[in-house]
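Values in this text are rule-based calculations from the coordinates and carry no lab data. Please read all numbers here as calculations on a predicted model, not as lab measurements. Virtual Cβ from ideal backbone geometry, glycine too; neighbours counted across all protein chains shown.
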Amino acid sequence: MSPRLAWLLIATFALPSLALAQAEQEIVKAIHARLEALRRNDLATWATLVADDMMAPIEGATGSKQSWLAQRKSWPREVTYWYGPLQDVKVRINGDTAIVTYHSDQLTEVGGQTTTSHRWQIETHVRRNGHWLLLGVADGLIPPEPKAAKVDPSVLDAYVGRYEWAPTLVATIERQGEVLLEHLGNLEPAQWQPESATTFFMPGAAAGGDTSRIIFAKDADGRVTHYIYREFGTTDRIVKKVQ
């Protein structure tokens, strides 16, 4: 193969990759421009970066974009809302449509006090007239990682046993040093770390939005009777201790 032909083949295969990388950069640049306009409360610029048929959870009788603009216009001028640095940005492009995920601090300042929540965000973008526009958006809270508590081993030993989710599905809890290890069906063993003497969480799960807790309960004689499986926004599940 001649050097010239080899160069042509390399260039031919490289072009799609370069175009894809350029499109990804354009999308991320548009996101930053939109969020910067939001920080400045520059609704006119924000609107140019969002499709008129954008959809979001606030969709009602009025379209999402129009509802969003009306909501922001109603905010007192003392309110400032912005995003911190975007983290773990991922872009997937298919033709003129792209899906973007990232997570970031979302901050609100009123009267010198700033509140912060850390949230993941997933966005759908479309390319129209040579520009990438936001078409769909949803986000979710990433809860903070709980702080582990020091619990007496005898307290942990009291929680060891078998807990019934259903007659044919029983979890086995054992103590492994300063944590509890739960075996349930064919699932990988779950590690539960104490947040307090009665409440346990899964280390590292919060980063994925998991708020799971198990909360042990005792009867009047101090015997462990069950644990409560709890997730934020859901109803509790009672899991009886059977052994």
Note to self: When a/c reaches 1.5 or more, the comparison of a/b and b/c decides; with that in mind, is region 3-140 rounded, prolate or oblate per its Cα gyration tensor?
What the structure shows: prolate
Check: Counting other C-beta atoms within 10 Å, which of Ser74, Ser117 has the fewest, and how do the rest follow?
Finding: Ser74, Ser117
Check: Just in region 156-194: which GluC sites (Glu not before Pro) are loop by DSSP and have at most 15 other Cβ atoms within 10 Å?
Finding: Glu178
Margin query: Sort Phe200, Phe216, Phe232 by Cβ crowding within 10 Å, fewest neighbours at the top.
Written below: Phe232, Phe216, Phe200
Notebook entry, point to check: Which of the trypsin sites (Lys or Arg not before Pro) found in region 51-94 are loop residues per DSSP with 16 or fewer other Cβ atoms within 10 Å of their Cβ?
Noted result: Arg77
Note to self: Under the 0.36 nm per residue contour assumption, what length would be gained going from the current alpha-carbon distance of Asp157 and Ala205 to full extension?
What the structure shows: 14.9 nm
Item checked: Among (i) 0.99; (ii) 0.95; (iii) 1.14, the entry derived from the coordinates for Rg/Rh (Cα atoms, Kirkwood Rh) -> (iii)
Next item on the list: Would you compute, from DSSP H runs of 4+ residues alone, the mean residue ellipticity of the chain at 222 nm, taking -39500 (n - 2.57) per run and dividing by the full residue count, rounded to the nearest 500?
Entry: -8000 deg cm²/dmol
Next item on the list: Compute the Cα gyration tensor for region 153-241, then decide on rounded, prolate or oblate, letting a ≥ b ≥ c be the square roots of its eigenvalues: rounded whenever a/c is under 1.5, prolate when a/b is larger than b/c in the other cases, and oblate in all that remain.
Entry: rounded
Next item on the list: For an R0 of 30 angstrom, estimate the FRET efficiency from the Cβ-Cβ distance between Ala220 and Leu181 and round to the nearest 0.05.
Entry: 0.55
Next item on the list: Sequence neighbours fewer than 8 away in the same chain don't count; with that in mind, list the aspartates and glutamates whose C-alpha is under 14 Å from Lys73.
Entry: Asp42
Check: How high is the relative contact order of region 3-140, in percent, with contacts defined as C-alpha pairs under 8 Å that are six or more residues apart?
Finding: 20 percent
Note to self: Starting from 0.36 nm per residue, how many nanometres of slack lie between Glu231 and Thr172 once their C-alpha separation is accounted for?
What the structure shows: 19.2 nm
Item checked: Gaussian network model of the chain, springs between alpha carbon atoms under 10 Å - residue of Ala149, Ala61, Ala158 with greatest fluctuation -> Ala61
Item checked: Listed residue (Met54, Tyr81, Gly111) projecting farthest to the positive dipole end of region 3-140, Cβ model -> Met54
Note to self: Relative contact order for the chain: what percent, with Cα pairs under 8 Å and sequence separation of 6 or more?
What the structure shows: 11 percent
